[in-house]
Structures are given as structure tokens and as C-alpha cells.
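Trainee: What follows is a single structure, and I will ask about it in a moment.
What follows draws every value from the coordinates through simple rules; no lab data is involved. Everything numeric here is computed off the predicted structure, so don't read it as measured data. Note: ideal-geometry Cβ built from the backbone for every residue, glycine included; neighbour counts use all protein chains shown.
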Amino acid sequence: MLLTDDIRDYAGRSVLCWLASVSEDGPSVSPKEIFACYGEDRIIIANIASPQSVRNIRHDPRVCVSFVDVFSQKGWQLYGRAVLLKNGDDGFAGRQAILQGMAGDAFRVGMVIDVAIDQAREIVAPSYRFRADVNEADMRVGAMATYGVRPVE
């Protein structure tokens, strides 16, 4: 599935993504700080400190990556299959360079979680569905008031 411009836009505006994976014991959802759209159909995620996610992906590669713009209260759920890439694996160096550039000196990216996306679902706050008078501008104003922040001028 191709990553649309809308998906790319929301990914770029999101501070974190959440990686949902599953083990024999059940589901796990883990926040990820360093991630990016890659190519036409992939999300790449830096494995910083996620041994449970790594174990789960080795057990079952099916995952869901979610991200939300907290101000518009919209985002995406992306479903696909994950592959773990480490130094020496095909494609690792290019992906790692992108993520390491985002991380700077804060973290060492020694493994990349590469997710090939095959399905996407939009996430929207219930207010958009159940209130005819709601629009994105109003949602942004309300969220900024809730968080006590203002737009950067």
C-alpha cells in the first residue's frame, strides 16, 4: 500500500508513534520516538530500547504503527509486516543513516524496524463524527488550550 501525502504529513507532525506487536502472551504497545516514512510503502523505526518489540516481531511479524497529531486529533493506523535490520543486512545502512540523523547524538541506532505497510485506517477523534459543528481549526484551538500552548508564529 502506498503511503499517501496525507499519511506522510501526519507522520511528520507526530512526536511519537506507537508500535503494536503480539506475543504468545498477548499484545504489546510501545511508544517509539524516532521514526520516518521510507520509500513508497514503509515506515522505519529506530529500535532504541525495545527488547519486547524485537521478541514479538521475531515471533510474529504482523504489527500496527499508529500516530496522531495531538492538536488536530487525527492520524493513522498502519498495518503491515515488520523486519528487523541490523548492521550488515541489506538496506540497513541507508535506513539507519536516516534514523541516526534524526536521533543525533542522543541515541545509537543499532537496529531498524522496517514495516512494509499493506493497510491503512484513518484515526479521528469522536467529536468529528458526532458533532456537525466541529472542524479541525476548532479542535486545534481546543487542544492548545487544554495543553496550555500557543502556535509558533
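Trainee: Under 9 Å from the Cβ of residue 81, count the other residues' Cβ atoms, weight Lys and Arg +1, Asp and Glu -1, and hand me the total. Intermediate values should be presented prior to the final figure.
Mentor: Numbers: positive: 62; negative: 118.
That works out to 0.
Trainee: Once all Cα-Cα distances of region 57-147 are split into 5 Å bins that start at 0, what whole-number percent is in each one?
Mentor: 3, 12, 15, 14, 15, 13, 11, 9, 5, 2, 0
Trainee: Specify, per residue and in Å³, the volume enclosed by the convex hull of the alpha carbon atoms belonging to region 1-97. Mind dumping the intermediate values first?
Mentor: Numbers: hull volume 9.9 nm³, N = 97.
About 102 Å³ per residue, rounded to a whole number.
Trainee: Hey, in the GNM for the chain with a 10 angstrom Cα cutoff, which one of 114, 60, 138 fluctuates hardest?
Mentor: Sorting by GNM fluctuation, first place goes to 138.
Trainee: Ok, one more. What size of dipole, in debye to the nearest 20, comes out for the chain about its Cα centre when the only charges are +1 on Lys and Arg C-beta atoms and -1 on Asp and Glu C-beta atoms?
Mentor: Dipole of the chain, to the nearest 20 debye: 280 debye.
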